[in-house]
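Participant: Dropping a structure here in structure tokens format, bear with me for questions.
All of the numbers you see were taken from the coordinates with simple rules; none came from a lab. These numbers come from a predicted model, not from an experiment. Backbone-built Cβ (ideal geometry, glycine too); neighbour counts: all protein chains shown.
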Amino acid sequence: MSATLLVRGARVLDPLAPEARPAARDIAIDAERISAVTAPNTIAVAATAKVIDAHDMLAIPGLVSAHYHSHDTLLKGCFAPMPLEAWLLHAVPPNYPQRSREEVRARVLIGALEALKSGITTLQDMATVHPFDPAEVDTIAQAYDDIGIRCVLALQVGDVPGSRPLPYWDDLIPTELRARATVSVKRGGNARELIGRIEGERRRHAGRHPRLTWALGPATPEICSAEYLGLLAELSERERLRVFCHVYESKGNMAIAREHYGADGGSLIRHLERVGLLNERFTLAHGVWLQPEEIEQVARAGAHVALNPASNLKTRSGVAPVRAYVEAGVKVALGTDNSSCSDAQNLFQAMKLFALLAGEGGEKAFAAATVGGAQALGLGDEIGRIAPGRKADITLLSLRDPAFAPLNDAVRQLVYTEPGRSVRHVIVDGRLVLENGRAATIDEDALYADVERLMPALLADLAAIRSRNERLLPYVEEAHRRTMVLDLGMDRFRTL
Ligand SMILES: [Zn+2]
């Protein structure tokens, strides 16, 4: 059999039919695809094939983070928990001066490296490029090419500046401070021009990056005009592009929706449906504050939800109605979100939180982190399972680890016990990108040195942003406090 890489003797865990003690298998990989999964020692391969001895290892499909942003990976650990709207003031790129190419490259690489070391093989990066600069897009795409992770890249763009993220925002924040209160778009834009720019980038990069897929990223409906969203829906339909969007992340989003979307009964979901976006190509990130009927509507439309339980807790946004999604049959994926609000590119944490909140055994969490993510990203036939014909995106975990000794129930221990510590090898697109826990594609030590060298400039800018926000924060906290006590008929801090 023709194979370039052979994984020998791994216990293969299938997300759709998990065995408690999975049988050992050989996995043959030919170029970027899996060519066979068979009983051990039944495949003869050429002497040129690389062989990985995976006895005492568990093979799982590479994990898929269906919601992530590369733009703030260098700010992990910088912030204590705070309301989403206060955190945005510190974290979004429009508040920072333009970053150097070196910093952009380093932040993409460090985020991707952390992801790989946690067994993630695909990231959905909603990247903010501000100010818009095609050379920065090139830097991001090149960094992904170099480290070898798979990426579905969506440029995060809105066209409505100066949005009010919370009720009471304008009443409470003094006029002279309001210009500082940028949580999203700084300058607006002509909807058609913005679409032309996004589409121009996609076309310019077409065919240049084998593991990179392009998608659309209207950041949140609130900062996008109906015209812009409608044009994105047309583009998505015409080019079969996936769309990723933050929807109902915080109670503030729900309260503002009730005021702004009168024509749609105050519902963001109805608004998204009216502009033509709510369909099987659409993934709403977070989805904490949906009403039961909105959850049903998402299920009927075949849209996906990417849940980010850790970041929702850190930004005091509440708890998504996890059980309701599962019961309604909504297609669920999991995300790791920003490094400055989750603060880890680690789906083991997300799987465990999801399983605990849903009150389930771990199977649904593992499926959401693999097949669910793959489907949300439009790669449902390509990745998410270890099977012949699929892309070879495989994470190998050591079973010689206390998390798996003894091996009683592989999926439950994967979700409830293993924190990501046992990730040994990671294969993406048939290539070994993490070998014995170390990057095989980039010089890790050089990257750590680069990060250290770049941080003083970033921290100086962060200090300036903190001091600029200092006078603003008491007003934001007060607007948040008043929003928290509003009766909107639902409480996502108490109900699951
Ligand atoms: Zn996000």
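Participant: Excluding the sites themselves, what is the longest stretch of the chain that contains no trypsin sites (Lys or Arg not before Pro) in a DSSP loop with at most 16 other C-beta atoms within 10 Å? Each step should come with its number before you reach the end.
Facilitator: Values: sites that count: 180, 186, 187, 208, 240, 400, 421, 471, 494.
Here the longest segment lacking exposed loop sites spans 1-179.
Participant: Please compute the contact order of the chain in relative form: average sequence separation of alpha-carbon pairs under 8 Å and at least six residues apart, divided by the residue count, as a percent.
Facilitator: RCO, the chain: 23 percent.
Participant: Report the full-extension gain for the segment residue 487 to residue 443: residue separation times 0.36 nm, less the Cα-Cα distance, to one decimal in nm.
Facilitator: 10.5 nm
Participant: Under 20 Å Cα to Cα from residue 331, which lysines show up? Leave out anything in the same chain fewer than 8 places away.
Facilitator: 352, 364
Participant: Quick one: net charge of residue 198's neighbours, Cβ under 12 Å, K/R +1, D/E -1?
Facilitator: Once positives and negatives cancel, what remains is 0.
Participant: Could you give me D for region 160-301, from Stokes-Einstein at 4 °C and 1.567 mPa s, where the hydrodynamic radius is the Kirkwood radius over C-alpha pairs? Units µm² s⁻¹, please.
Facilitator: Value of D from the Cα-based Kirkwood radius: 79 µm²/s.
Participant: Run the numbers on region 241-383 and let me know its relative contact order in percent, using alpha-carbon pairs under 8 Å that are six or more apart.
Facilitator: Result for region 241-383 is 20 percent.
Participant: Can you give the helix-only mean residue ellipticity at 222 nm for the chain, where every DSSP H stretch with n ≥ 4 adds -39500 (n - 2.57) and the sum goes over all residues, rounded to the nearest 500 deg cm²/dmol?
Facilitator: -11000 deg cm²/dmol
Participant: Can I ask one more? In what sequence do 125, 450 fall when counting other Cβ within 10 Å, fewest first?
Facilitator: In increasing order of surrounding Cβ atoms, one gets 450, 125.
Participant: While we're here: Per residue, how big is the convex hull of region 346-496 when only Cα atoms are used? Give it in Å³.
Facilitator: Considering the Cα atoms of region 346-496, their hull volume per residue is 196 Å³.
Participant: Whole Å is fine, so just give me how far the alpha carbon centre of region 400-464 lies from that of region 14-48.
Facilitator: If you average the Cα positions of each part, the centres end up 24 Å apart.
Participant: Tell me the Rg and the Dmax, in Å, that the Cα atoms of region 244-350 produce.
Facilitator: In Å, with Rg to one decimal and Dmax whole: 13.3, 41.
Participant: Another question about this same structure. Calculated FRET efficiency, residue 48 and residue 239, Cβ-Cβ r, R0 60 Å, to nearest 0.05? Spell out each step's value before the answer.
Facilitator: Numbers: r = 39 Å, r/R0 = 0.66.
The value I calculate is 0.95.
Participant: So what's the projected area for region 423-493, the Cα convex hull averaged over all directions, in nm²? Please list the in-between numbers first.
Facilitator: Numbers: hull surface 38.9 nm².
One quarter of the hull surface, i.e. the mean projection, equals 9.7 nm².
Participant: Cα centroid distance between region 57-103 and region 320-341, in Å?
Facilitator: Their Cα centres are 18 Å away from one another.
Participant: I would also like to ask the following. At 27 Å minimum axial length over the Cα atoms and a Kyte-Doolittle cut of -0.5, report the qualifying DSSP H helices in the chain, or say none.
Facilitator: Qualifying helices: 444-470.
Participant: Assigning unit charges at the beta carbon (Lys, Arg +1; Asp, Glu -1) and nothing else, what dipole magnitude in debye, to the nearest 20, does the chain show about its Cα centre?
Facilitator: 260 debye
Participant: If you don't mind, there's one more thing I want to ask. For region 326-461, what does the relative contact order come out to in percent, with C-alpha contacts under 8 Å and a separation of six or more?
Facilitator: Values: 160 pairs, mean separation 23.7, N = 136.
Reported relative contact order: 17 percent.
Participant: Restricting attention to region 230-301, which chymotrypsin sites (Phe, Trp or Tyr not before Pro) occupy a DSSP loop and are surrounded by at most 13 other Cβ atoms within 10 Å?
Facilitator: Answer by residue number: there is no such site.
Participant: So what are the three principal axis dimensions of region 1-156 from its Cα atoms, in whole Å, longest to shortest?
Facilitator: Principal-axis extents of the Cα atoms in region 1-156, largest first: 58, 34, 21 Å.
Participant: Give me the one-decimal Kirkwood hydrodynamic radius in Å for region 314-417, with the sum taken over alpha-carbon pairs.
Facilitator: Computed over Cα pairs of region 314-417, the Kirkwood hydrodynamic radius comes out at 14.9 Å.
Participant: Return, for the Cα atoms of the chain, the radius of gyration and Dmax in Å, separated by a comma.
Facilitator: Using the Cα atoms of the chain, the pair Rg, Dmax is 22.2, 74 Å.
Participant: Placing +1 at every Lys and Arg Cβ and -1 at every Asp and Glu Cβ, with all other atoms neutral, what dipole size does region 1-72 have around its Cα centre, in debye to the nearest 20?
Facilitator: Values: 6 positive and 8 negative charges, 38 e Å.
Result for region 1-72 is approximately 180 debye, rounded to the nearest 20.
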